[in-house]
Amino acid sequence: MKAPQIVTEVRLKQNWSHLTTGQRITVAEPGLQPYSATLEEVMTDHSVLWVIAESGHQRKAFDHREGVVITPL
């Protein structure tokens, strides 16, 4: 009998200390197509941020441990 395969996903903690509110950014969520957004709010410790996507104007919050990559435009 074959042992079950264990799959581990490694997510690196992101450093968002260089980002500022109102900045235009690209959001790359794991497994999804990157999209343009505006950085709406950043926690003072930069661990959580809120973005508003340019298409659809959807608002999302991300924790720095989720594996989401945020880059300035």
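Data for the structure
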{"read-out": "Residue ID - farthest from H64 (Cα to Cα), chosen from residues in the stretch 40-50 that are of a type outside the set (D, E, K, R) and either more than 11 Å from the chain's Cα centre (by Cα) or not in a strand (DSSP E or B) (or both)", "value": "T44"}
{"read-out": "Some residue of the stretch 22-35 being closer than 15 Å to F62 by Cα, touching a Leu at 6+ places or on another chain (Cβ under 7 Å) and at pLDDT 95 or above", "value": "yes"}
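The values are calculated or read from the model by the stated rules, or taken from the named source; none is laboratory data. Note that the structure is predicted; figures quoted are calculated from it, not measured. In this analysis, Cβ positions are derived from the backbone assuming ideal geometry, glycine residues included, and neighbour counts consider all displayed protein chains.
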